[in-house]
Amino acid sequence: MASTGSTSKESVAVQIEPKTGISFPVKLDDGMELVAVGLRKKSILGLGGIKVYGFGIFADNEKLKEVLRLKIGSKAPSKPTKEMYEAVLDSDVGMMVRVFADASDNIKLTSGSIINIGLKDVVVSKVESELLCKAYFHMYLGDEAFDVDAKERFGHSLLSLF
């Protein structure tokens, strides 16, 4: 974790997504905490991965802990399990994905744009469908996650909640 200066006297702790160099705050004003960072890559005609955007997944860790204890029990598995991810994806825990897009990859966003997409009482990017938001989170935490390493980091953060 690193710190960056802000306009106030306080510094904000951040975590850097290593492949893009994008920094994400480790805690948001609403109390949500950063649980994983990753990179969305896209393969075009088998020409390897083109960096599309960096992302950070934020969650309410106290509510995640409650969900895990209800669905899994109080004993932590030895490694992240499909059951853990499904428990989170099927819950109504407040989560959010913050996306920083690189405008050079034909994405119609200004460089440095932030997209916040979340569930329940969290900011939702002009999409208010819970079903659509859950589908969106499946892209990051489901069986075919965009960044498997980020999904694993999320799983290990879940293990630390036991």
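The values are calculated or read from the model by the stated rules, or taken from the named source; none is laboratory data. None of the values given here were measured: they were computed from a predicted structure. Every residue, glycine among them, receives a Cβ derived from its backbone with ideal geometry; neighbour counts consider all protein chains shown. Side chains included, ligands, DNA and RNA excluded: accessible areas come from the protein's heavy atoms. Shrake-Rupley method; radii C 1.70, N 1.55, O 1.52, S 1.80 Å.
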Single residue of region 33-54 satisfying the filter (at pLDDT 90 or above and of a type in the set (A, V, I, L, M, F, W, C)) that is nearest to residue 152 (Cα to Cα): 36
Of the residues in region 134-155, those that are aliphatic (A, V, I, L, M) and either in contact (Cβ under 8 Å) with a residue 24 or more places away in the chain or part of a loop (DSSP other than H, G, I, E, B) (or both) come to 141, 145, 150
Please find, within region 110-133, the residue that is modelled with the highest pLDDT out of those that are part of a strand (DSSP E or B) and surrounded by fewer than 17 Cβ atoms within 10 Å (Cβ to Cβ). 116
Would you be able to tell me the number of residues in region 64-80 that are touching a Leu at 6+ places or on another chain (Cβ under 8 Å), aliphatic (A, V, I, L, M) and open to solvent by 100 Å² or more (accessible area, probe 1.4 Å)? 0
Per the filter on region 19-40, residues more than 22 Å from residue 138 (Cα to Cα), crowded, with 19+ Cβ neighbours inside 10 Å and small (Gly, Ala, Ser) are 23
